Amino acid sequence: MAKIKTIGLLTSGGDAPGMNAAIRAVTRSAIYNGIKVKGIYRGYKGLVDDEIVEFQTQNVSNIIHHGGTILKTARCKEFRTVEGRQQAWENIKKHDIDALVVIGGDGSLSGARQFASEFDFPIVGLPGTIDNDLSGTDHTIGYDTALNTIMWCVDRIRDTASSHARLFFIEVMGRESGFLALNGALATGAEAAIIPEISTEHDQLAELIERGFRKSKNSSIVLVSESPVTGGAMGLAERVRKEYPQYDVRVTILGHLQRGGSPTALDRILASRMGAAAIDALLEGQRNVMIGDDDEKMIYVPFSKAIAGKKPIDYDLLETLRRLSI
Ligand code: ADP
């Protein structure tokens, strides 16, 4: 394989706190190894539209503590088409880019995999998503910060919830994954988590009510994953009003609050280690892999594994939550 002299770097899809720390780490690590860095703005959109600028170490100064992404991010319809990807390829050649580092979620890595196979081009991915839903890595960049934000918000809701006798449904993000709801519930001492991993045949709301919550408490907090499978917090509240009208139910949807804010130490460290590992991977001749963490170690996860199937939750955590909410 030809020596890599220049890499392109982009953030794509949903933003996540810690993406800036990853941008900094990739850029500095590349320059340290004598590799040029081209920053590509707005994800694949900037690759198609040629929004590409050379980065120096100072371009990534003072960003480690900021949420969002200085490279901006976008969803790009053109990149889903053969013509769009051909245009992106023209710009890769125009800027002498020898490899790409893509920071994003499963959609972004699916796009990377497609592009890499079409043009036989080396790409390394970093898992950047608050949802923690990529397989082959224990954690994704942004997940810990989002979890801490959820904890901060729920603690405040608890103060008001316990002043009234109410059932609070608090909706959190996570797409089709219950990591944020389940671990958020554990971290806040919530009554339960209603998550999409539990089959629709099992009525999680009925189980919650039948378990007799609030018998010994005067308020209850339940974390709900946003998902058509759970019905979301609104859908569940609607059901309570119809089926269990004796309960005074309230809904809070945390929404985009969960994406923002300064990344936690864990996310900054993870992003820094993964960013450096991305450059190591390219120097070792790796291609089409996502950097993952496994038991504190950096590992290379083939794209096919990272985006295939659903990352399983730990059902023991659900049992622990049940046990602790008596
Ligand atoms: P995330 O990376 O957060 O999961 P998306 O699912 O929105 O976000 O994906 C981000 C972008 O990745 C899309 O807007 C699109 O440009 C690109 N993408 C996603 N899936 C594919 C695919 N199968 N083929 C080509 N590009 C894709």
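Laboratory data are not the source of any read-out in this text; all were calculated from the coordinates shown. Predicted model, so just to flag it, every value in this text is computed and none were measured. FYI the Cβ positions are ideal-geometry reconstructions off the backbone, even for glycines, and counts take in every protein chain you see.
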What are the ³J(HN,Hα) couplings of segment 44-52, residue after residue, when phi is run through the Karplus curve with 6.51, -1.76, 1.60 and θ = phi - 60°? Round to Hz, x for glycine and proline.
5, 4, x, 6, 6, 8, 6, 9, 10
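For segment 148-295, state the average projected area of the convex hull of the C-alpha atoms over all orientations, rounded to one decimal in nm². Walk me through the numbers on the way to the answer.
On the way: hull surface 44.1 nm².
The directionally averaged projection comes out at 11.0 nm².
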Which trypsin sites (Lys or Arg not before Pro) in segment 66-169 sit in a loop by DSSP (not H, G, I, E or B) and have at most 14 other Cβ atoms within 10 Å of their own Cβ?
K77
Selection of GluC sites (Glu not before Pro), segment 193-271, meeting DSSP coil and at most 10 other Cβ within 10 Å
E201
Given H placed 1.01 Å from N in the peptide plane, which residues other than close sequence neighbours of G18 have an amide H under 5 Å from its amide H?
G68
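How large is the dipole of segment 100-227 about the Cα centre if only Lys and Arg carry +1 and Asp and Glu carry -1, each at its Cβ, rounded to the nearest 20 debye?
On the way: 9 positive and 18 negative charges, 142 e Å.
Value, rounded to 20: 680 debye.
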Please compute the contact order of segment 145-269 in relative form: average sequence separation of alpha-carbon pairs under 8 Å and at least six residues apart, divided by the residue count, as a percent.
37
Ordering of 56-63, 13-20 by burial proxy (mean other Cβ atoms within 10 Å per residue, highest first)
13-20, 56-63
Amide H of K38 versus every other amide H placed in the peptide plane: which residues, excluding those fewer than 5 positions away on the same chain, fall under 5 Å?
I7, G8, L9, F55
With the 8 Å Cα cutoff and a minimum separation of six or more residues, the chain has a relative contact order in percent of 23
Arranged by the count of other C-beta atoms within 10 angstrom, fewest first, what order do S227, S163, S12 take?
S163, S227, S12
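Beyond 16 Å, what percent of the Cα pairs of segment 131-222 remain?
Numbers: 2395 of 4186 pairs.
So the portion of pairs separated by more than 16 Å is 57 percent.
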Which links in K3/K305; K5/K72; K3/K93 stretch past 22 Å when you go from one Cα to the other?
K3/K305; K5/K72
The ³J(HN,Hα) series, computed from each phi in segment 255-269 with the Karplus coefficients 6.51, -1.76 and 1.60 at θ = phi - 60°, rounded to the nearest Hz and given as x for glycine or proline, is x, 6, 3, 5, 8, x, x, 5, x, 6, 4, 4, 5, 5, 5
Which residues qualify? For G178, with a placed amide H closer than 5 Å and at least 5 residues away or on another chain, they are E197
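In square nanometres and to one decimal, what's the mean projected area of the convex hull around the Cα atoms of the chain?
On the way: hull surface 67.0 nm².
Projected area, direction-averaged: 16.7 nm².
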Work out from phi, with θ = phi - 60° and the Karplus expression 6.51 cos²θ - 1.76 cosθ + 1.60, the ³J(HN,Hα) of each residue of segment 65-70, listed in order in whole Hz, and give x for Gly and Pro.
9, 9, x, x, 8, 5
